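The values are calculated or read from the model by the stated rules, or taken from the named source; none is laboratory data. Predicted model only: the values in this text are computed from it and were never measured. Neighbour counts run over all protein chains shown; Cβ positions are idealised from the backbone, glycine included. For the accessible areas, the whole protein counts, side chains as well, though only heavy atoms, and no ligand, DNA or RNA atoms are used. Shrake-Rupley method; radii C 1.70, N 1.55, O 1.52, S 1.80 Å.
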Amino acid sequence: MTPHDDSLAPPDTYAGQVLDAQLHLLDRQVLDTDGVPVSTLDDLEITDLPLDVSLRGTPAPTIANLLTGVTLGTRIFGGRPPSSRLTRIPWRHVTDIGVVVTLGVSGERLDATWPERWVRDHIVAHIPGGRHDPE
Amino acid sequence: MILSDLLNRPVLDAEGRTLGKVLDARFVIDGAPTQLLAEARLAGLIVSPHTGTTFLGYERTDENSPWLIAAFLRWRHRGSFYVRWEDVEMLTERGVVLVAAYARRSAALSTSIGI
Amino acid sequence: MKQLLGVALGILTAIGGFLDIGDLVTSSVVGSRFGMTLVWVIVLGVIGICVFAQMSGRVAAISGRATFEIVRERLGARMAVANLGASFLINLLTLTAEIGGVALALQLASSIEPTLWVPVAAFAVWLVIWRVKFSIMENVTGLLGLCLIVFAVAVFLLQPDWATLTGQAIAPSVPATETGATYWYYAIALFGSAMTPYEVFFFSSGAVEEKWTKKDLTQSRINVLVGFPLGGILSIAIAACATIVLLPQGIQVTSLSQVALPVAEAGGKLAVAIVIVGMIAATFGATLETTLSSGYTIAQFFGWSWGKFRRPVKAARFHLVMIICLLVGIAVLATGADPVMITEYSVVFSAIALPLTYLPILLVANDKQYMGDLVNGRATNAVALVFLVIILVASLAAIPLMIITGAGA
């Protein structure tokens with residue numbers, strides 16, 4: 001069956017940018033405003049929906065946060081991290097979505113980069129030459 | 001909630017018959033504008049009767065090369081369709097339940113959009 | 001003039017950088033046991049690596065995405081983590097073999113125990129990765145690696161019976177002393193050594209390191225399409241040397257000195273000295289490449305900051321991974337494990353991991369979102385698909401053949 005199957009209603013078209021989560025968002029590289037890698041986009045958090053209640057008339061959920069960190073583990077091996085353990089990058093930081101997801105802020109201050117900062121401050125910065133450009 | 005809670009969930013019609021699994025979630029950036037990018041609202045779900053794992057989106061684009069791989073993946077996803085969010089009745093433990101009068105739409109992505 | 005020099009430098013580096021411990025050992029082992037009857041596999045492997053290295057370089061230059069980012073994105077988290085596990089372990093195995101190779105080559109030069117050379121070699125590798133610029137690192141090891149041309153010279157000096165040599169190569173048959181199963185086992189090993197996945201991880205990440213753009217594509221294409229086949233010819237020359245000298249005497253290749261033996265017979269001490277320099281450069285260069293590849297694969301999978309173009313503090317986890325990998329390599333070799341054996345296993349395992357690496361590259365090279373107008377042409381796709389089938393067959397056959405033949409015994 002091809003995408004142009006006659007038995008289906010024609011595809012919807014939209015005025016805005018269309019993003020299929022698996023296709024255009026998940027597992028993409030996230031860069032900060034200076035083009036420095038922050039993390040991969042491991043999962044998305046969308047605004048909450050009630051279970052077992054008719055959703056007719058409720059506004060559609062929206063993307064609240066990009067997720068990274070522990071959620072990668074649960075995506076691969078199953079299970080579900082408690083909400084408090086999620087590492088979030090708020091959607092409002094996103095400026096562009098193409099081959100990569102670009103943020104409008106510096107990665108330095110995001111929770112998602114604390115392991116990088118920890119390794120830098122406690123190990124790599126202490127090795128001679130670590131702060132210099134290669135020659 | 002987390003998106004992976006939605007992906008791969010069974011999709012049921014109003015009578016409780018299984019139609020397939022959620023293959024992907026389609027978002028559109030046309031919501032209320034915020035500081036940098038407008039909100040991305042969930043526009044609908046792509047449902048596949050055969051597999052819950054999407055692969056590369058060949059089923060949704062005109063991408064046709066390499067031909068052999070494109071053909072194989074199209075076949076794996078034969079019968080997949082798109083339902084608007086408005087056609088979702090409720091979320092239950094069993095899966096996503098659609099309204100009685102839901103419409104099966106083509107899941108095709110216009111190749112010029114979404115880039 | 002300057003441009004021409006650049007092109008020449010690129011080609012020479014590609015030739016010198018093509019060979020690593022896997023090619024040295026496998027080509028020699030195969031030559032000493034099967035003569036020239038497996039040369040067709042080297043040709044096939046070289047064509048394959050040309051097709052996919054060129055493709056991964058093009059993807060990296062156009063989209064700025066290196067291979068493992070693409071693997072992650074196209075295969076999804078689950079399959080990509082399986083691929084990461086396999087690729088990373090095989091790369092670690094190759095890395096260990098390469099450090100061992102440097103130590104063995106240094107032993108040839110100094111007659112000091114290889115186990116003593118291992119930490120020295122690993123430290124030197126780390127120092128280069130920590131402090132030396134990417135382009136200098138590539139050019140120096142690549143140019144010194146050109147010393148291995150002595151193998152090609154040696155073939156002529158040995159004045160072989162050309163008719164027999166070419167006859168074996170053109171109309172291959174399983175030698176009477178070997179079984180069909182070992183023949184195909186070594187065919188896969190040879191194929192794996194030519195197409196090792198680290199080469200594309202390294203090649204595509206290198207394109208990002210050196211900030212390639214569309215403009216650099218012609219240069220990269222020439223490097224690959226001229227440099228790699230010439231490197232492949234050196235591989236064939238090594239096999240030919242082994243065929244001429246080692247096969248008739250029934251000498252089994254169990255160390256690097258046997259690999260160099262035909263050169264000693266052909267050209268004496270001076271030739272051996274040059275070959276040793278070439279071996280040190282080739283294995284040292286390959287250790288750099290595999291060490292960097294271990295950092296590239298992990299960092300790209302998790303989306304960390306990576307690259308030698310950044311200061312180490314700006315890619316902290318990337319550098320930490322490489323340090324750990326080098327330490328693991330040292331630890332494995334400290335147990336007295338034989339680098340030649342490790343090499344033989346690493347090339348076969350490479351063959352097993354090939355499909356999951358090369359499929360995503362092919363898919364992204366066809367994706368207009370990444371490539372714009374520069375997507376693959378029909379001819380490239382056709383060749384790539386044929387290779388994907390070959391890769392898949394080799395990958396599936398590797399383990400059964402390994403068991404049947406007792407790893408080629």
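Results, tabulated for the structure shown:
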quantity	calculated
Filter result for C:A409 (out of contact with any Phe, Trp or Tyr (no Cβ under 7 Å at 6 or more places or on another chain), at pLDDT below 85, more than 26 Å from C:I62 (Cα to Cα) and not basic (K, R))	yes
Matching residues, the stretch C:385-409, being buried (at least 17 other Cβ atoms within 10 Å of the Cβ) and over 23 Å from the mean Cα position of the chain (by Cα)	C:T405
Complete set of residues in the stretch A:31-45 that are surrounded by fewer than 24 Cβ atoms within 10 Å (Cβ to Cβ) and among the β-branched types (V, I, T)	A:T33, A:V36
Residue under evaluation C:I251, criteria (1) of a type outside the set (S, T, Y); (2) open to solvent by 10 Å² or more (accessible area, probe 1.4 Å); (3) assigned to a helix (DSSP H, G or I), criterion not met	(3)
Condition check for A:L72: more than 10 Å from chain B (Cβ to nearest Cβ), under 16 Å from the mean Cα position of the chain (by Cα), of a type in the set (A, V, I, L, M, F, W, C) and closer than 27 Å to B:L91 by Cβ	yes
Candidate set from the stretch C:127-166 (those that are away from chain A (no Cβ under 14 Å), assigned to a helix (DSSP H, G or I) and free of Cβ contacts under 8 Å to residues at least 40 places away in the same chain); member that is farthest from C:V39 (Cα to Cα)	C:F156
Residue list for the stretch C:102-121, restricted to those being assigned to a helix (DSSP H, G or I) and not hydrophobic (A, V, I, L, M, F, W, C)	C:Q107, C:S110, C:P114, C:T115, C:P119
Residue within the stretch A:97-105 that is at pLDDT 90 or above, touching a strand residue (DSSP E or B) at 6+ places or on another chain (Cβ under 8 Å), of a type outside the set (A, V, I, L, M, F, W, C) and not in a helix (DSSP H, G or I) present	yes
Any chance C:F309 is within 11 Å of chain A (Cβ to nearest Cβ), open to solvent by 20 Å² or more (accessible area, probe 1.4 Å) and either of a type in the set (S, T, N, Q) or within 30 Å of C:L146 (Cβ to Cβ) (or both)	yes
Subset of the stretch C:214-229 that is open to solvent by 50 Å² or more (accessible area, probe 1.4 Å), over 19 Å from C:N376 (Cβ atoms) and touching a residue at least 24 places away in the same chain (Cβ under 8 Å) - its residue that is farthest from the chain's Cα centre (by Cα)	C:Q219
Residues of the stretch C:62-101 classified as open to solvent by 10 Å² or more (accessible area, probe 1.4 Å), farther than 30 Å from C:P119 by Cα and part of a helix (DSSP H, G or I), total	11
Every residue from the stretch A:116-135 that is over 19 Å from C:V125 (Cβ atoms) and facing another protein chain (nearest Cβ under 7 Å)	A:E116, A:V119, A:R120, A:A125, A:R131, A:D133
Selected residue [within 7 Å of another protein chain (Cβ to nearest Cβ) and more than 22 Å from C:H319 (Cα to Cα)] from A:T95, A:T40, A:T87	A:T95
Every residue from the stretch B:17-36 that is part of a loop (DSSP other than H, G, I, E, B) and at pLDDT 90 or above	B:R17
Filtered residues of the stretch C:368-383 (kept if more than 17 Å from C:I62 (Cβ to Cβ) and within 9 Å of another protein chain (Cβ to nearest Cβ))	C:R378, C:A382
Cβ pairs under 6 Å, 6+ apart, first in the stretch B:1-18 and at negative phi and within 11 Å of chain A (Cβ to nearest Cβ), second buried (at least 18 other Cβ atoms within 10 Å of the Cβ) and not aliphatic (A, V, I, L, M)	B:I2/A:D43; B:I2/A:E45; B:L3/A:D43; B:S4/A:D43; B:S4/A:R75
Top-ranked residue in the stretch B:46-79 [being at pLDDT below 85 and of a type in the set (S, T, N, Q); ranked as nearest to C:A379 (Cα to Cα)]	B:S65
Residue that is most open to solvent (accessible area, probe 1.4 Å), among those in the stretch B:72-90 that are in contact (Cβ under 8 Å) with a residue 12 or more places away in the chain, assigned to a strand (DSSP E or B) and at the interface with chain A (Cβ under 8 Å from one of its Cβ atoms)	B:R84
Exclusive hit being under 30 Å from A:V30 (Cβ atoms) and either of a type in the set (S, T, N, Q) or assigned to a helix (DSSP H, G or I) (or both), set C:F309, C:F349, C:F387, C:F301	C:F301
Failed criterion for C:I404 (all others in (1) modelled with pLDDT under 95; (2) within 8 Å of another protein chain (Cβ to nearest Cβ) hold)	(2)
Failed item, numbered, when C:H319 is tested on (1) of a type outside the set (G, A, S); (2) out of contact with any Phe, Trp or Tyr (no Cβ under 9 Å at 6 or more places or on another chain); (3) within 14 Å of chain A (Cβ to nearest Cβ)	(2)
Any hit, the stretch C:319-342, residues being open to solvent by 20 Å² or more (accessible area, probe 1.4 Å), closer than 21 Å to C:L95 by Cα, without any contact (Cβ under 8 Å) to a residue 40 or more places away in the chain and among the hydroxyl-bearing types (S, T, Y)	yes
Residue in the stretch C:283-293 that is of a type in the set (D, E, K, R) and surrounded by fewer than 24 Cβ atoms within 10 Å (Cβ to Cβ) present	no
Flag if C:A382 is crowded, with 21+ Cβ neighbours inside 10 Å and of a type in the set (G, A, S)	no
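Yes/no per residue for (1) open to solvent by 30 Å² or more (accessible area, probe 1.4 Å); (2) touching a helix residue (DSSP H, G or I) at 6+ places or on another chain (Cβ under 6 Å):
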| site | (1), (2) |
| --- | --- |
| C:M137 | no, yes |
| C:L144 | yes, yes |
| C:L157 | yes, yes |
| C:W162 | yes, no |
| C:I170 | yes, no |
| C:T182 | no, yes |
